[in-house]
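Each remark here refers to the structure printed beneath this line.
The values are calculated or read from the model by the stated rules, or taken from the named source; none is laboratory data. Quantities reported herein were computed from a predicted structural model and do not represent experimental measurements. In this analysis, Cβ positions are derived from the backbone assuming ideal geometry, glycine residues included, and neighbour counts consider all displayed protein chains.
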Amino acid sequence: MAGVSWIQRLYWRYLSKPVAHRALYLHAMDTPIGSILELGMGSGERIRTVLGLCRTPEATTQLRYAAVDPFESAGTDVLHISLKGAHRLLNEFGVKAHLIPGEPASGVMRVAHTVLPSDLIIIDGFWNEASENGGAVAKWLPRLCHSKSAIFASTAKGGNLVRVPTPSTASEQNNATKAA
């Protein structure tokens, strides 16, 4: 987003829905983001909004995006984006996508070994170390982020996203030269 007027900023700070995502939206407007990792895409509306608001750093030619999500296997009881729909959505924004179907317990290790540390990490519903998925996320989080990463997490799917501290064991800088 080129420049945000004061009226747009006012809307995103006080009137945007859902209220649980306002802090994430404000961060996306204020901070250049070169890469995003999302654990749990849900309906895809959150990432659609974030991609519409964020701006990339000067040296970045294309935004990198990775997601771990059950996609079609999530069930029919909740509104959920399909794998094909996720690719279509991300192509609209010209984003280089790395989508991994499955639960975070199995997918987060694959992301840690194949994708560079991300500038923005969104953890939707897997911020509970007592569960298998939450334990896997906590174990691999230092490899998924760097010291300047912003991490927004919620303990319940679709819950209030709160910024959490970056692990002290995260790498000092984003290794942009590491092979992806």
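One table, with the values for the structure above:
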{"quantity": "Cβ pairs under 7 Å, 6+ apart, first in segment 147-166 and in a loop (DSSP other than H, G, I, E, B), second among the hydroxyl-bearing types (Ser, Thr, Tyr)", "calculated": "Asn160/Ser154; Leu161/Ser154; Thr166/Ser147; Thr166/Ser149"}
{"quantity": "Residue ranges of helices (runs of 4 or more DSSP H) in segment 1-94 with at least 2 members surrounded by 15 or more Cβ atoms within 10 Å (Cβ to Cβ) and small (Gly, Ala, Ser)", "calculated": "22-30, 83-92"}
{"quantity": "Residues of segment 121-137 that turn out to be free of Cβ contacts under 8 Å to residues at least 12 places away in the same chain and either within 13 Å of Thr166 (Cβ to Cβ) or under 15 Å from the mean Cα position of the chain (by Cα) (or both), as a count", "calculated": "0"}
{"quantity": "Residues that are aliphatic (A, V, I, L, M), over 12 Å from Met41 (Cβ atoms) and modelled with pLDDT of 90 or more, drawn from segment 61-108", "calculated": "Leu63, Val95, Val108"}
{"quantity": "Residue list for segment 60-77, filter: touching a residue at least 12 places away in the same chain (Cβ under 8 Å) and more than 14 Å from the chain's Cα centre (by Cα)", "calculated": "Thr60, Gln62, Pro70, Phe71, Glu72, Ser73"}
{"quantity": "Near pairs, Cβ below 8 angstrom, 6+ apart or cross-chain, from segment 97-117 (small (Gly, Ala, Ser)) to any residue that is in a loop (DSSP other than H, G, I, E, B) and surrounded by fewer than 17 Cβ atoms within 10 Å (Cβ to Cβ)", "calculated": "Gly102/Pro70"}
{"quantity": "Output for segment 109-146, where each listed residue is closer than 16 Å to His21 by Cα and either at pLDDT 90 or above or part of a strand (DSSP E or B) (or both)", "calculated": "Leu120, Ile121, Ile122, Ile123, Asp124"}
